[in-house]
Amino acid sequence: MRPWEMNIRRVVPYVPGDQPAGDKLIKLNTNENPYPPAPGVERALKEMDVDRLRKYPDPSSAELVKALAEYYGVGEDQVFVGVGSDDVIAMSFLTFFNSQKPVLFPDITYSFYKVWADLYRISYETPALDENMAIRPLDYKGENGGIIFPNPNAPTGVYMPLDQVEEIVKANQDVIVIVDEAYIDFAGPSARELLSGYDNLLVVQTFSKSRSMAGVRIGFALGSPVLIKALNDVKYSYNSYTMNLPSQLAGTQAVKDRAYFEEIRAKIMDTRERAKKRFAELGFTFPDSMTNFILATHERVPARAIFDALKKERIYVRYFNAPRLDNSLRVSIGTDEEMDVLFRFLEQYL
Ligand code: PMP
């Protein structure tokens, strides 16, 4: 080994889902939205003055922050935007999780949390989900250096009611509690409703799922002005995390188009409820998902075999080779037509 290799910071990297190329495939593996972004997004990009690309973008993404503050009824000093919620969460780990005590997140959850904790040398503990794959609020009441969990959780899809979220935030007012709401628009009330009562709460959301914009990378956090300023101070120390101009323009238009947003999220929830019925009829069990995906386990046929058979048909779903997940498939909710193709194949195959 060369001497400098000793100094390389090594992490076990996150493994992203496949992004296969081509049109003739059904892509239900990375929880993208099957519908296009709001019409205003296309207009904003087409009308963008390309000459503006000569200059650096607004580092504060002021227009986008303003649109989000108006939409969610909070102050502009309560909104932080980043390059996807991955960026917002990574920045939050760096900014908020520094104590000697371990940060808590569930044992089965978004696998990036562990990567960032290792990368930033933050100690952590991972309380186990209960037998129904739900987070137990009681596990989040001991001493800790901060808390993060997705609500609904991923890849289980299980939603924690707001009173339980509040129980956790209330019991942990000495540390920062981050609720990662990547899928909240397909679920129930958001922890946003608790922000006025708790200045240690940070709520993170994304444009990648309900707003159909995974490709532009926009995420944001809502929280008290103290938390938002702290995030911005860290962000400005890493200038590369500024949102690019096309993303800022497209994101601002997406937020303004409320009607389209309501229409497509309702459509996905509707397709999801029908998918649950079909999965159950085919002999699958699953935690009751409140997201745009379902974590389904077949009572008889191993998940890996189903995964391989679907892939041969160019139907992509997600398989996790991990404890308690290795006999399940995570299937994103596509269009009704895509789901019909999936279920027609499964009817034959199983
Ligand atoms: N949190 C959770 C729970 C997720 O599943 C995802 C999507 N993979 C993200 C955050 C990150 O989403 P994005 O960076 O696209 O905003």
Report, ordered by the first and then the second residue, all pairs with beta carbons closer than 7 Å, sequence separation of six or more or different chains, a first member in segment 191-212 that is basic (Lys, Arg), and a second member that is in a loop (DSSP other than H, G, I, E, B).
LYS209/ASN31; LYS209/ASN33; LYS209/ALA182; LYS209/TYR183; LYS209/ASN292; ARG211/PRO37
I need a count of the residues in segment 233-267 that are in contact with a strand residue (DSSP E or B) (Cβ under 8 Å, 6 or more places away or on another chain) and surrounded by fewer than 19 Cβ atoms within 10 Å (Cβ to Cβ).
1
Between a first residue in segment 151-167 that is among the hydrophobic types (A, V, I, L, M, F, W, C) and a second residue that is within 13 Å of the ligand (Cβ to nearest atom) and not in a loop (DSSP other than H, G, I, E, B), which pairs have beta carbons less than 7 Å apart while being 6 or more apart in sequence or on different chains?
VAL165/VAL179
Within segment 48-65, count every residue that is more than 16 Å from the ligand (Cβ to nearest atom) and in a loop (DSSP other than H, G, I, E, B).
8
Which count do you get for residues in segment 321-344 that are farther than 17 Å from PRO34 by Cβ and in contact with a Leu (Cβ under 9 Å, 6 or more places away or on another chain)?
4
Restricting to segment 91-142, what's the tally of residues that are farther than 30 Å from ILE218 by Cβ, of a type outside the set (Lys, Arg) and at pLDDT 95 or above?
11
Just need a number here: residues in segment 64-112 that are of a type in the set (Ser, Thr, Tyr) and either closer than 17 Å to LYS229 by Cβ or crowded, with 20+ Cβ neighbours inside 10 Å (or both).
5
Got a sec? Which of LEU68, LEU94, LEU129, LEU45 is of a type in the set (A, V, I, L, M) and either without any contact (Cβ under 8 Å) to a residue 12 or more places away in the chain or away from the ligand (no atom under 16 Å from the Cβ) (or both)?
LEU45
Residues ARG217, ARG274: which one is basic (Lys, Arg) and within 16 Å of the ligand (Cβ to nearest atom)?
ARG217
Taking segment 102-122 as the search range and keeping residues that are part of a helix (DSSP H, G or I) and among the aromatic types (Phe, Trp, Tyr), which one is farthest from the chain's Cα centre (by Cα)?
TRP116
Return yes when ALA230 is more than 10 Å from the ligand (Cβ to nearest atom) and within 13 Å of the chain's Cα centre (by Cα) and no when it is not.
no
Residue that is nearest to the chain's Cα centre (by Cα), among those in segment 324-338 that are touching a residue at least 24 places away in the same chain (Cβ under 8 Å) and in a loop (DSSP other than H, G, I, E, B):
ILE333
Condition check: in contact (Cβ under 8 Å) with a residue 24 or more places away in the chain, more than 16 Å from the ligand (Cβ to nearest atom) and touching a Leu at 6+ places or on another chain (Cβ under 8 Å). Does GLU143 satisfy that?
no
Which of the residues spanning segment 67-101 are farther than 16 Å from SER240 by Cβ, in a helix (DSSP H, G or I) and among the hydrophobic types (A, V, I, L, M, F, W, C)?
ALA67, LEU68, ALA69, ILE89, PHE93, PHE96
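The values are calculated or read from the model by the stated rules, or taken from the named source; none is laboratory data. None of these values were measured; they are calculated from a predicted model. FYI the Cβ positions are ideal-geometry reconstructions off the backbone, even for glycines, and counts take in every protein chain you see.
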